[in-house]
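Data block below; observations after.
The values are calculated or read from the model by the stated rules, or taken from the named source; none is laboratory data. Just so it is clear, the structure is predicted and the values come from calculations on it, not from any experiment. Please note: Cβ atoms are built from the backbone with ideal geometry, for glycine as well, and neighbour counts cover all protein chains shown.
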Amino acid sequence: MPRRESPLQSEMLQGTLDMLVLRTLVLGPAHGHTIAHAIERGSEDVLQIEHGSLYPALHRLEDRGWIASFWGTSENNRKAKYYRLTPAGRKQLSVQTTRWEQVVRAIGRILKPATE
């Protein structure tokens with residue numbers, strides 16, 4: 001029987017994806033496929049973004065007013081939905097980045113205590 005993620009794990013993963021999407025959009029508007037590839041390339045393919053996770057995240061971020069969408073034409077001349085960072089999203093990215101850095105430092109202190 002597979003183990004299910006705890007609510008905390010799920011929330012952390014969701015929040016991490018949200019932060020990565022917001023960070024990607026700092027570079028400019030992009031459609032979902034480009035966002036996923038930018039995260040994958042930026043992580044040297046350590047992070048693989050599934051469409052089943054990405055699109056709900058994009059809708060959630062849009063519902064919160066952190067990103068906005070518009071229709072445009074993709075590189076291969078097809079209609080595509082693009083997303084851009086809003087001022088509220090830029091502020092949220094700053095908040096999430098600060099929190100992420102605190103969590104990373106805290107985990108680092110546990111993994112490598114100064115007394116070792």
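Can you tell me how many residues in the stretch 22-53 are under 16 Å from Y82 (Cβ atoms) and in contact (Cβ under 8 Å) with a residue 60 or more places away in the chain?
3
Any residue that is out of contact with any Lys or Arg (no Cβ under 6 Å at 6 or more places or on another chain), of a type outside the set (D, E, K, R) and at positive phi - is there at least one of those in the stretch 19-31?
yes
Only one of V21, V26 is at pLDDT 95 or above, under 12 Å from the mean Cα position of the chain (by Cα) and loosely packed, with under 11 Cβ neighbours inside 10 Å; which?
Result: V26 is the single residue among V21, V26 that is at pLDDT 95 or above, under 12 Å from the mean Cα position of the chain (by Cα) and loosely packed, with under 11 Cβ neighbours inside 10 Å.
So, in the stretch 29-71, exactly how many residues are in a helix (DSSP H, G or I), surrounded by 12 or more Cβ atoms within 10 Å (Cβ to Cβ) and not hydroxyl-bearing (S, T, Y)?
Residues flagged as in a helix (DSSP H, G or I), surrounded by 12 or more Cβ atoms within 10 Å (Cβ to Cβ) and not hydroxyl-bearing (S, T, Y) within the stretch 29-71 amount to 17.
Select from the stretch 72-111 the residues that are assigned to a strand (DSSP E or B), surrounded by fewer than 13 Cβ atoms within 10 Å (Cβ to Cβ) and among the basic types (K, R) and list them in ascending order.
Selection gives K79 alone.
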